[in-house]
Amino acid sequence: MATPATQPWSGKKKNRPMEFIGERVVAGVAMFSLVFIALIFIFVFREAAGIFLDDPGAKIRQKASSNEYETYGDDAVSTLGVAPVEQRVEQEEESLTVGDLLAPAWFPVSNFPKYGLLPLIWASIKVAIIAILLGAPIAILAAIYTSMFAPGWAKEWLKPGIEMLAGFPSVVIGFFALIVMATIFQNIFGYQYRLNAFVGGAALSLAVIPVIFTISDDSLTAVPKSLIEASLALGASKWETVFFVILPAALPGIFASVLLGVGRAMGETMIVLMATGNSAILTLSPFDSVRTMAATIGAEMAEVVFGDTHYSVLFLIGVILFVFSFSLCFVAEVFVRNRLMKRFRGA
Amino acid sequence: MTKKRFLDIAVPAVTGLCVLFVIVAIGAIMINIIVNGWSQISLKFLTSAPEEGMTAGGIFPAIMGTFYRTIIMSLVGVPVGTLTAIFLCEYVSANSPLLRMVRFAVNTLAGIPSIVFGLFGLGFFVQFVGPGMDSIFSAEGQIQWAQPNILWASLTMAVLTLPVVIVSVEESIRTVPHDIREASLALGATRWQTIWRVVVPNSITGILTGAVLAVSRGAGEVAPILFTGAAYFLPNLTHSLSDQFMDLGYHVYIMSTQSPDVDATRGIQYGTTLVLLCLTFTLNAAAIILRYRMRKRVNA
Amino acid sequence: METERHQIVTRNLDFFYGDAKVLHAINMNIEALRVTAFIGPSGCGKTTFLRCLNRMNDLIKGARHAGDIHIDGKNIFDRDVDVVSLRKRVGMVFQKSNPFPKSVFDNVAYGPRVNGVTGSRDVERIVERSLNQAALWDEVKDRLHDSALGLSGGQQQRLCIARTLAVDPEIILMDEPASALDPISTAKIEDLIAELKQKYTIIIVTHNMQQAARVSDYTAFFLLGELIEMDETQKMFTNPSKKTTEDYITGRFG
Ligand SMILES: Nc1ncnc2c1ncn2[C@@H]1O[C@H](COP(=O)(O)OP(=O)(O)OP(=O)(O)O)[C@@H](O)[C@H]1O
Ligand SMILES: [Mg+2]
């Protein structure tokens, strides 16, 4: 009830200790996870920096971890036929030059290891190009169908249906490519190596399709209804509207989706690891085996001595992948944000 | 027939064929795996360990390993991601540069290859945190934590799923109408009470969807655990956080590419793949149903 | 009339959304246990002024104010003021009804619960009392645990009033509480206001001149962010001292 009229009101701040603590905890957790995000940048770069530094700390770390290395996963080591560990540990460490990294050969496990990244980089590009050439048209055309031509009831099912492809773990796609696709393709094209860049790229296109499809579909659906109706009202047919009105308006979004697809293709590990044959050779033919950057990390990191040159070079490859996908995201984001907005405002 | 007429039919037909192609591809993969994997599935396959140098027996340790690592990952990643999203939505002003920066970092992170997260896990947990823990907890010179294990693999996965959780929780929190927040504050509720009694309950389906999606992505992901804790074969089940573990996805990879006689174990490979696929599809289906319910409620 | 008490006193209150100044030096005294109506054309700042009184405008980015508002002698803009207890004291019914997507019961119980009423008996008692005060009890007593979103528009608005009453405020701000309602619901809410002024100081924004004349003791006329005139309702509607007020009230406004 209302307090007596004369009593002045003192609305002094109250202490709510539980809430105070709770809010600090939430802020703390948030800061913690944001710090982790920063740590990812730092730690991947830090380990890669070992190549260019003659870091005595790294030596000690390496000794310590090499002892431990032999104590776990014996089975794995012997079955996988890894080069003897001791041999590599004794080898004198020298910091690599940029020239070494640009050499055309990748032989990390030998008495005279070669760390040329060119075959790996080229392999990633080659496989990504194949994946995009196969996947992007299908994904974009499929998006055009679901957003423009599909009857209403079908839309509800087709979109999640296609997006189911994104739900396959990549190891499952890799397995399917390794066992089924590789055989079928070899029978069709009659090439020499069963596992090669083409099989890998084709399998990878299955992983890329949902990425491109979803974002393209979103940006096609985002084209204002008024624009479409205006075109139809002027007597344009449906496909003319699609090609001359909707597609141009949605182009930046579609472009961004392809960029993100490229990012996915370059960074995917398991599919290429299982389907490309993994030999680091530098050729143009799509039917040769390749060893991509991501696959190299995946295949070799488990057998490497912590802290040695090979280890650092693998991290350097990680840095390259990191920087690459970072730039792609950046471009995609800037592109979509600026262009899409401008277009819809009619500028 | 004029060119125009022709295209009126051809354009929908060609684009429709592309849709059909994708659906057929999905169907082909599913049918191939189900048909070849089904005969392999038996109680024994699901509940016993590999035998005879991994050419026979079951995949029980791999099922358990995947189960454990997914649980640990979720227990860490989901709450941390959710709280982070709540903090970003409710405590950081909407156009502050901090928020823009964080959002950009989170978006970028979502696009970073998962193998790079594996590198991070190795460089940070195994090589940095691990030795630190050993110097505190382990006997002199003994290495317990400074090596790949299930804890580091799970935490790596948690970091990997963090952006997924943050983005989807943020999205669903933003769908909570502004006027019911105001109603709460106008009734003398504090910001904290408003968050926990109005905002979170009203975005709970969205939060759950994000969590389930993240978990399903994490459960099927193999690249980050290749060198942060997964093992080819372990005689014993994982029973400590500092043990390595077997994993379904890793098992498929290793059995189909690295084992001495790949063809002899084809059945096991298919069986394992089928189990993995069932797991991730169940999780995905759960996410889709949740999202559908959420959408219905938002539209209502 | 008994001796009046100025419960709310504003002094030179300016208000800005970014660079736009929407309130100009408002000086106003609002009496305790009376109904004060705010009238004025759309966009003249009535809602903005109302939301200053419980500091809901704090939530709007880029908004700022100058000048003071004293409630029971305390400047609510003072640094040491607890905004949460201010809002508990100054309840608000919004222009657009905004029940929580919870049950009817939980909507009304929300306020008491966040304010620390824990016993389920006590909560039930408060809910029943508030729904009764808002003349809603008979209509909803059998569906307390159904979703509040299933109520009609008029019921929802009365639910929002009940929800506000459940916190036991001293002052109730109502922003066009009847704007979207049919005449019967409107009449119910007007009766309610007449009932409530026994215990509460009420400020109501309305575009309906008859409503202002019917329910209020005082009327304040706003135009373009300025307080043009404020007086006893009877005088305002029969013999306003300003020409613009008369024009507005008689509908000769253009
Ligand atoms: N959040 C805001 N940001 C910027 N300007 C605002 C905001 N809210 C209101 N305004 C502006 O402030 C002025 C006063 O608005 P207010 O809502 O107080 O008017 P009102 O008298 O309540 O109108 P109505 O009778 O239509 O409800 C208007 O010019 C309006 O455009
Ligand atoms: Mg208003």
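The figures follow:
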| item | result |
| --- | --- |
| Any hit, segment B:92-107, residues being among the small types (Gly, Ala, Ser), buried (at least 16 other Cβ atoms within 10 Å of the Cβ), closer than 30 Å to A:GLU268 by Cα and within 7 Å of chain A (Cβ to nearest Cβ) | yes |
| Residue, modelled with the lowest pLDDT, within segment B:229-250, restricted to residues that are more than 9 Å from chain A (Cβ to nearest Cβ) and surrounded by 23 or more Cβ atoms within 10 Å (Cβ to Cβ) | B:GLY229 |
| Verdict on C:ASP168 being under 23 Å from C:GLY45 (Cα atoms) and within 12 Å of another protein chain (Cβ to nearest Cβ) | no |
| Segment C:44-65, subset near ligand 1 (Cβ under 8 Å from one of its atoms) and not in a helix (DSSP H, G or I), residue nearest to B:ASP179 (Cα to Cα) | C:ILE60 |
| Breaking point among (1) touching a strand residue (DSSP E or B) at 6+ places or on another chain (Cβ under 9 Å); (2) more than 19 Å from B:LEU283 (Cα to Cα); (3) among the polar types (S, T, N, Q), for B:THR15 | (1) |
| For B:ASP261: the one exception among (1) over 30 Å from B:TYR91 (Cβ atoms); (2) more than 8 Å from chain A (Cβ to nearest Cβ); (3) touching a helix residue (DSSP H, G or I) at 6+ places or on another chain (Cβ under 9 Å) | (3) |
| Out of C:PRO41, C:PRO99, sole residue that is away from ligand 2 (no atom under 16 Å from the Cβ) and either farther than 28 Å from C:THR245 by Cα or not in a strand (DSSP E or B) (or both) | C:PRO99 |
| Number of the condition not met by C:ASP168 [criteria: (1) of a type outside the set (A, V, I, L, M, F, W, C); (2) away from ligand 1 (no atom under 16 Å from the Cβ); (3) not in a loop (DSSP other than H, G, I, E, B)] | (3) |
| Residue list for segment A:229-273, restricted to those being at the interface with chain B (Cβ under 8 Å from one of its Cβ atoms), of a type in the set (Ser, Thr, Tyr) and crowded, with 22+ Cβ neighbours inside 10 Å | A:THR269 |
| Filter result (touching a Phe, Trp or Tyr at 6+ places or on another chain (Cβ under 8 Å) and not in a strand (DSSP E or B)) within segment C:66-96 | C:ASP72, C:GLY73, C:ARG89 |
| Any chance B:VAL222 is closer than 30 Å to B:SER259 by Cβ and either free of Cβ contacts under 8 Å to residues at least 60 places away in the same chain or open to solvent by 20 Å² or more (accessible area, probe 1.4 Å) (or both) | yes |
| Of the criteria (1) open to solvent by 20 Å² or more (accessible area, probe 1.4 Å); (2) within 9 Å of chain A (Cβ to nearest Cβ), which one B:THR84 fails | (1) |
| So C:GLY91, is it within 15 Å of ligand 1 (Cβ to nearest atom) and open to solvent by less than 10 Å² (accessible area, probe 1.4 Å) | no |
| Contacts under 9 angstrom Cβ, first residue in segment B:32-44 being open to solvent by 100 Å² or more (accessible area, probe 1.4 Å), partner among the hydrophobic types (A, V, I, L, M, F, W, C), 6 or more apart | B:TRP38/B:LEU274 |
| Selected residue (criterion: nearest to the other protein chains (Cβ to nearest Cβ)) from residues of segment C:11-35 that are of a type in the set (Val, Ile, Thr) and within 16 Å of ligand 2 (Cβ to nearest atom) | C:VAL22 |
| Count of segment B:184-225 residues which are within 9 Å of chain A (Cβ to nearest Cβ), more than 30 Å from A:ALA294 (Cα to Cα) and in a helix (DSSP H, G or I) | 5 |
| Lone unmet requirement of (1) within 16 Å of ligand 2 (Cβ to nearest atom); (2) within 11 Å of another protein chain (Cβ to nearest Cβ); (3) crowded, with 21+ Cβ neighbours inside 10 Å for C:ILE60 | (3) |
| Which numbered condition B:VAL78 fails, given (1) at pLDDT below 90; (2) open to solvent by 20 Å² or more (accessible area, probe 1.4 Å) | (1) |
| Residues (closer than 18 Å to A:VAL172 by Cβ and among the aliphatic types (A, V, I, L, M)) located in segment A:264-305 | A:ALA265, A:MET270, A:ILE271, A:VAL272, A:LEU273, A:MET274, A:ALA275, A:ALA294, A:ALA295 |
| Among (1) under 30 Å from B:PHE281 (Cα atoms); (2) open to solvent by 10 Å² or more (accessible area, probe 1.4 Å), the one test that A:GLN192 misses | (1) |
| Selected residue (criterion: farthest from the other protein chains (Cβ to nearest Cβ)) from residues of segment C:177-206 that are within 14 Å of ligand 1 (Cβ to nearest atom) and modelled with pLDDT of 90 or more | C:THR206 |
| All positions within segment C:27-43 that are surrounded by 16 or more Cβ atoms within 10 Å (Cβ to Cβ) and within 16 Å of ligand 1 (Cβ to nearest atom) | C:MET28, C:THR36, C:ALA37, C:PHE38, C:ILE39, C:GLY40 |
| Residue match in segment C:10-23 (condition: within 24 Å of C:GLN211 (Cα to Cα) and more than 16 Å from ligand 1 (Cβ to nearest atom)) | no |
| Residue under evaluation B:VAL167, criteria (1) buried (at least 24 other Cβ atoms within 10 Å of the Cβ); (2) within 19 Å of the chain's Cα centre (by Cα), criterion not met | (1) |
| Condition check for B:ILE71: more than 14 Å from chain A (Cβ to nearest Cβ) and at pLDDT 90 or above | yes |
| Which listed residue, of B:VAL252, B:VAL200, B:VAL176, B:VAL262, is in contact (Cβ under 8 Å) with a residue 40 or more places away in the chain and out of contact with any strand residue (DSSP E or B) (no Cβ under 9 Å at 6 or more places or on another chain) | B:VAL200 |
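The values are calculated or read from the model by the stated rules, or taken from the named source; none is laboratory data. Not measured: the values here are computed from a predicted model. With ideal geometry, Cβ positions are generated from the backbone for all residues, glycine too; neighbour counts draw on all protein chains shown. Calculation scope for accessible area: heavy atoms of the full protein, side chains included, ligands and nucleic acids excluded. Shrake-Rupley method; radii C 1.70, N 1.55, O 1.52, S 1.80 Å.
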